[in-house]
Amino acid sequence: MSTTSKKIATGLLAGIMTLALAACGSGNPGKNNAEATDNGGGANSGGSSGKKVTIELAISKSSQDSAFVAQDVLDEFEQKTNIKVNLQLLPAEQTATVLQTKLAVDEVPDLIQYNLASATTDLNLERNFEILDNEPWVSRLLNKDVLSAYDHVYSFHYSQDTGMQGVVYNKDIFKDLGLEIPKNYEEFLAVCEKIKASGITPVFMPFKDNWAANIWPAAAFADWAAKNDPTLFDDINAGRKKWSDIPEFATFLEQQYEVYKKGYTNTDILSDSYDMAVGKFLNKETAMMFMGDWLIVNVAEKDPNVHLGLFAIPSSEDANLGASPLGGQLFIPKKAKHMAEAKQFLEFLASKEVAQKMVDSQGSVSNFSDVTTPKLPDYKQEIVDQYITPKKTTLTTDAYMIVDRSELYRLLQDEFAGGLDAKGVLKAWDEKFSQLMKDKGVEGF
């Protein structure tokens, strides 16, 4: 595994362990640290010129429910500093491409919300983004690793939760239909059949956003590798093995496609997008979705009476739950036009008062020594009890891949468009993966 992948993986595992400890009632050390930041510190001082300043924050449309961009948060920041945050909403399926173009032509926003693991591969983290080691809020972090790469803090987040990926499901629908959580693929198909017979769509697939098609394989591949070939991703990244060498990987892709072919999904999977998901669950139009636990938070914000949970992708018997890289961090491009104001926004978000509000509203595990982790919501406590504490989690393949995965996502779409079968997807990805690794100068390619 590459050094970067190891560091990201180490940070994620540390985050998972901290989540488990926090759920068991551990306190917050260093509670009296950084008193100067309690009221926002320098965030109250206004723009550098004292005049109205507008900074640009680029964010995927699929992430616009992020606590960072809640209107009350942005309004409070503007009131205190005279700095307005303007959101650039990017199409979810084109976010990486749009940001790559902006960075290439120096038309960069002042802030970007993205995923750290993906930023190292998609956006050339070291070349394009500001190192944040010396920002005042860094000294209050409980877990720097989840925000770090190449031995530096590059991103901001108030939480140290890793995103858990599996099958989001409506508990009430399961209860009404007398359904148990499936422990293997055959049981999952039986559950889908019963839900379909009730008149509800079993699974919502929003594969217009091609990354969503990777939730099932990213967890399934990683679970199989952890149990059967722990050095597999090291071997793939060294060119000693190929993705198509593992017949089980083709099986897992075929499973996801079969769920669609059996009529257990929405009809227009390549036209429907992630931003429709919350409404589908609120209206009880669908019972399940292959997604991360962030969807549960998004739904709960709209209606806390919709009871959702998460179980592992049932690709094999008694599978482990996928743990994805911490998502949605904020980054500052090196060529940001309003560098000082962008840093001021991060300092504002990191203030004890604001960070506490965000942690409370999201039910998150705090990453600041003076911000208290609240009682975890039921769904998260269940994840801790059923998966984290008994050590039944596996880092998804995203944590080990050091190249841009967008072509893989497009190939997964091609399977559902009828252009490729599962084996064809893997063979095509082998070719693209090899070229991407060669372009990075990785030995073995």
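Side notes on the structure shown:
- For K84, nonlocal amide neighbours, meaning residues 5 or more places apart or on other chains whose placed amide H falls under 5 Å from its own, are V53, T54, I55.
- In Hz, Karplus ³J(HN,Hα) per residue of the range 293-309 (6.51, -1.76, 1.60; θ = phi - 60°; x = Gly, Pro): 5, 4, 5, 4, 4, 4, 5, 4, 5, 7, 7, x, 8, 8, 9, 10, x
- Helix content alone sets the calculated 222 nm mean residue ellipticity of the chain: runs of n ≥ 4 DSSP H residues at -39500 (n - 2.57) each, divided across all residues, give -12000 deg cm²/dmol.
- Rolling a 1.4 Å probe over the protein chains gives S244 an accessible area of about 50 Å².
- Kirkwood-type hydrodynamic radius, the chain: 22.4 Å, calculated from all non-identical alpha-carbon pairs.
- Ratio of Rg to Rh over the range 341-445 (Cα coordinates, Kirkwood Rh, two decimals): 1.16
- Among the listed pairs K171/K196; K261/K380; K261/K423, those beyond 21 Å (Cα-Cα): K261/K380
- Computed from the Kirkwood radius of its Cα pairs, the Stokes-Einstein diffusion coefficient for the range 90-240 at 10 °C and 1.306 mPa s stands at 82 µm²/s.
- A probe of 1.4 angstrom, applied to the heavy atoms of all protein chains, finds D318 with accessible area near 80 square angstrom.
- Loop GluC sites (Glu not before Pro), the range 228-259 (other Cβ atoms within 10 Å of the site Cβ: 10 or fewer; DSSP): none
- Helix 3-23 axis, angle to the chain major axis (alpha carbon atoms, nearest 10°): 90
- Residues with amide H under 5 Å from that of G322, placed H, sequence gap 5 or more: Q165, I313, T394
- Pairs of Cα atoms nearer than 8 Å and 6+ residues apart set the relative contact order; for the range 302-445 it is 22 percent.
- Nonlocal amide H pairs with F368, under 5 Å, H built at 1.01 Å: L142
- Its alpha carbons give the range 245-377 an Rg and a Dmax of 19.5, 54 Å.
- The angle between the Cα long axis of helix 71-81 and the main principal axis of the chain comes to about 20°, on a 0 to 90 degree scale.
- Cleavage-rule hits, trypsin sites (Lys or Arg not before Pro), the range 353-445, DSSP coil, Cβ neighbours within 10 Å at most 13: K375, K391, K440
- Solvent exposure of the chain as accessible area per residue, Å², 1.4 Å probe: 40
- Fraction of accessible area attributable to carbon and sulfur, the range 291-445 (%, probe 1.4 Å): 48
- For the chain, the relative contact order comes to 29 percent (Cα pairs under 8 Å, sequence separation of at least 6).
- Using alpha-carbon coordinates, inclination of helix 422-439 to the longest axis of the chain, degrees: 40
- Sites listed here are GluC sites (Glu not before Pro) in the range 349-445 whose DSSP assignment is loop and whose Cβ has at most 10 other Cβ atoms within 10 Å: E443.
- Area accessible to solvent at E193, 1.4 Å probe radius, in Å²: 90
- The residues D151, D65, D268, sorted by heavy-atom accessible surface at 1.4 Å with ligands and nucleic acids left out, run D151, D268, D65 from largest to smallest.
- Backbone phi angles across the range 351-357, fed through the Karplus curve with coefficients 6.51, -1.76 and 1.60 (θ = phi - 60°), yield HN-Hα couplings of 4, 4, 5, 5, 4, 4, 4 Hz in residue order; Gly and Pro are listed as x.
- Taking the 1.4 Å solvent-accessible surface of the range 180-274 as the whole, the part contributed by carbon and sulfur is 47%.
The values are calculated or read from the model by the stated rules, or taken from the named source; none is laboratory data. Predicted model only: the values in this text are computed from it and were never measured. Virtual Cβ from ideal backbone geometry, glycine too; neighbours counted across all protein chains shown. These area figures cover heavy atoms from the full protein model, side chains too; ligands, DNA and RNA do not enter into them. Shrake-Rupley method; radii C 1.70, N 1.55, O 1.52, S 1.80 Å.
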